[in-house]
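Report on the following structure.
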Amino acid sequence: MRREIYRDIQNQIAPEQNALQQFIEQNLGGKVSHRIVLVNALAVSIASDELENLGNHPKVALR
């Protein structure tokens with residue numbers, strides 16, 4: 001049951017995470033190192049001068 005729930009969540013958020021990963025890699029020169037499915041998060045490395053550009057993306061919440 002847990003695996004089914006995880007797969008369902010993963011299938012629902014994959015398109016959004018894929019699009020954001022593409023934006024990060026193509027527009028900011030960053031790299032996604034991890035995808036965190038259950039909280040819909042990406043761990044990324046970007047140049048510090050791109051942080052504001054990342055934060056301006058409508059699907060990003062910087063904490």
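Numbers for the structure displayed
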item	result
Matching entry among VAL44, VAL32 (being surrounded by 10 or more Cβ atoms within 10 Å (Cβ to Cβ), of a type outside the set (Lys, Arg), touching a Gly at 6+ places or on another chain (Cβ under 7 Å) and outside any loop (DSSP other than H, G, I, E, B))	VAL44
Residue check, ILE9 in a helix (DSSP H, G or I), touching a residue at least 12 places away in the same chain (Cβ under 8 Å) and more than 17 Å from LEU62 (Cα to Cα)	yes
Some residue of segment 47-63 being β-branched (Val, Ile, Thr), modelled with pLDDT of 95 or more and surrounded by 12 or more Cβ atoms within 10 Å (Cβ to Cβ)	no
Qualifying residue in segment 21-29 (condition: in contact (Cβ under 8 Å) with a residue 24 or more places away in the chain and touching an Asp or Glu at 6+ places or on another chain (Cβ under 7 Å))	yes
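The values are calculated or read from the model by the stated rules, or taken from the named source; none is laboratory data. None of these values were measured; they are calculated from a predicted model. Neighbour counts are summed over all protein chains in view; Cβ atoms, including those assigned to glycine, are modelled from backbone coordinates with ideal geometry.
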